[in-house]
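The values are calculated or read from the model by the stated rules, or taken from the named source; none is laboratory data. All figures in this text were calculated on a predicted structure; none of them were measured in a lab. Cβ: placed from backbone, ideal geometry, glycine included. Neighbour counts: every protein chain shown. Keep in mind that these areas ignore ligands, DNA and RNA; they rest on the heavy atoms of the full protein, side chains included. Shrake-Rupley method; radii C 1.70, N 1.55, O 1.52, S 1.80 Å.
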Amino acid sequence: MIDAASTSQALSFQRNVSLAKHNTVGIAATAHRYADVLSEDALRHWAAAHGTTERAFIIGGGSNLLLTRDIDEPVLHIAPRGIRVIEEDAESALVEAMAGETWHSFVLWTLDRGLFGLENLSLIPGYVGAAPVQNIGAYGVEVKETCERVVAVDLQTGELKTFSREACAFGYRDSVFKHLERDRFAITRVCFRLSKQFTARASYGDIQSELAAMHVSTPTAQDISNAVIVIRTRKLPDPAVIGNAGSFFKNPVISLADADVLSAAHPTMPRYPAPNGVKIAAGWLIEQAGWKGRRIGAAGVHEKHALVLVNHGGATGAQLWQLAQAIQNDVLAKFGIALEAEPRVV
Ligand code: FAD
Ligand code: EPU
């Protein structure tokens, strides 16, 4: 049942809204209809009335999107705010964050309260609601480890549905919300099981060297967070300065046999063990293919990190996508590896 008291909360749609400030690549696409969703109930009402006739387009902070066209579907900017502890005991707390909370502010909120598990994921752009969509990960940690459940509005019916961790079908940069349930379920809340005992996750090489540079031998969660912030700030371009969506391709996972053949030909190729094979650094493949720092008009490959495509100013989504496809073709021809885009390309 949808709360009758909330019937006054109707979604308010604006016409022909520029999405330039709603995507970190800075693409000047237009939403023909756009609404800020500030409450779950308002969304449920809209979905109950329109869900069977209208397919929506869901956005959060727009940091994992490449827009190559204007958006005809109603754009729902999922932005309800709020964080609360639902239950806790001596060992852990179950924390619920609303989808519109900024991810990094939420991480800092947990650290301030002595709740651990998200520190390695500091400074990832975007909102809490999108974190389960691609199972955000960085520096040896993925959100699936602490994400206990996800609550979403079924946009076809207005009903609420709870997805357990298993039902989310998390994988490397993957979940059910990237496939079958894309744009059907709008995530409104995410619940995290966070520990009151801190265990440092510092095996990632970059973190070790950063902690050493900080002269920290027994890191606190705050130290890990600080180290991650320093590394990320050094390596990744700030979207406020130059438009980008972070890594543009996933790191490909190939078979052990194929990885050995490549390693024999390229002994310096970075490779990492993965559950179902060997993970290869896409940034290395792209750099070896000669793309690092190159640009075609305003669409470019970042000069410091070949996995990040950048908008030097005024690029269209189609131009960036053409660049991405040229890189895919070259990497396939040179290494026999098909790179898969990480952001949503629309
Ligand atoms: P959006 O870009 O708005 O949306 C992304 C996808 O999620 C879309 O398909 C959208 O439809 C869907 N979606 C968004 N909100 C909801 C919702 N409430 N319900 C249902 N579907 C929804 N990612 C990593 O994993 N690790 C990194 O280290 C990392 N580093 C980055 C660094 C930079 C500089 C940038 C720009 C991006 C980086 N990213 C990284 C990618 C990005 O930050 C994450 O994917 C983030 O979770 C996207 O959040 P968002 O709110 O911006 O989502
Ligand atoms: N490399 C190069 N040239 C480059 C860039 C990278 O050769 O221009 C090689 C280096 O050898 C480096 C290796 O690639 O050691 C890996 O690079 P890095 O440590 O920067 O990590 P990444 O694999 O490029 C991944 C995630 C990031 C995440 C970091 C840290 C993916 C697709 N990307 O990047 O996530 O922050 O690890 O864990 O898995 C994102 O998803 O948007 C994102 C930024």
Which residues' amide hydrogens lie under 5 Å from the amide hydrogen of Thr30, considering only partners 5 or more residues apart or on another chain, with H built in the peptide plane?
Leu19, Asp70, Ile71
Provide the percentage of antiparallel DSSP beta bridges, counting only those with both residues in the chain; round to the nearest 5.
85 percent
Share of carbon and sulfur in the accessible heavy-atom surface of segment 243-345 [1.4 Å probe, %]
52 percent
Between Leu115, Leu211, Leu320, where does the largest GNM mean-square fluctuation fall for the chain, given springs only between Cα atoms within less than 10 Å?
Leu211
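Using DSSP loop states and a limit of at most 15 other Cβ atoms within 10 Å to flag GluC sites (Glu not before Pro), what is the longest stretch of the chain containing no flagged site? Mind dumping the intermediate values first?
Working: sites that count: Glu54, Glu91, Glu159, Glu303, Glu340.
Excluding the exposed sites themselves, the longest stretch runs over 160-302.
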So in segment 51-143, what percent of DSSP beta bridges are antiparallel if you round to the nearest 5?
75 percent
Provide the gained length on full extension for the span Glu340 to Arg15, in nm with one decimal, where the gain is 0.36 nm per separating residue minus the Cα-Cα distance.
113.6 nm
Cα-based Debye curve of the chain sampled at q = 0.07 Å⁻¹ gives log₁₀ I(q)/I(0) of -0.31
Give me the extension gain from Leu180 to Ala240: residue separation times 0.36 nm, minus the current Cα-Cα distance, reported in nm with one decimal.
18.4 nm
The chain: relative contact order in percent, alpha carbon pairs under 8 Å with at least 6 residues between:
16 percent
If each of Val253 and Glu303 carries a label point 7 Å out from its Cα toward its Cβ, how far apart are those two points in nm?
3.6 nm
Residues of the chain: accessible area per residue at 1.4 Å, in Å²?
45 Å²
Filter Lys21/Lys279; Lys279/Lys304; Lys21/Lys235 down to the pairs with a C-alpha to C-alpha distance above 26 Å, please.
Lys21/Lys279
Please state, as a whole number in µm²/s, the translational diffusion coefficient that the Stokes-Einstein equation yields for segment 274-346 at 4 °C and 1.567 mPa s, with Rh defined as the Kirkwood radius across alpha carbon pairs.
102 µm²/s
Share of carbon and sulfur in the accessible heavy-atom surface of segment 14-78 [1.4 Å probe, %]
48 percent
J(HN,Hα) series, segment 269-276, from Karplus relation 6.51 cos²θ - 1.76 cosθ + 1.60, nearest Hz, glycine and proline x
5, x, 8, 9, x, 10, x, 10
Keeping all protein chains in position, work out how much accessible area Met214 exposes to a 1.4 Å probe, and write it in Å² to the nearest 10.
60 Å²
What distance in nm separates the simple spin-label points at Asp72 and Ile229, each placed 7 Å from Cα in the Cβ direction?
4.5 nm
With bins 5 Å wide starting at 0, give me the P(r) of segment 83-195 over every alpha carbon pair, in whole percents.
2, 13, 24, 27, 19, 10, 4, 1, 0
Residue-span extension gain [Thr52 to Glu87] - 0.36 nm each, minus C-alpha spacing:
9.0 nm
For every helix of n ≥ 4 consecutive DSSP H residues, a contribution of -39,500 (n - 2.57) applies; sum these over the chain, divide by its total residues, and give [θ] at 222 nm rounded to the nearest 500 deg cm²/dmol.
-7500 deg cm²/dmol
At a 1.4 Å probe radius, carbon and sulfur cover how many percent of the accessible area of segment 83-195?
49 percent
Treat every Asp and Glu Cβ in segment 243-345 as -1 and every Lys and Arg Cβ as +1, leave all other atoms uncharged, and give the resulting dipole magnitude about the Cα centre to the nearest 20 debye.
200 debye
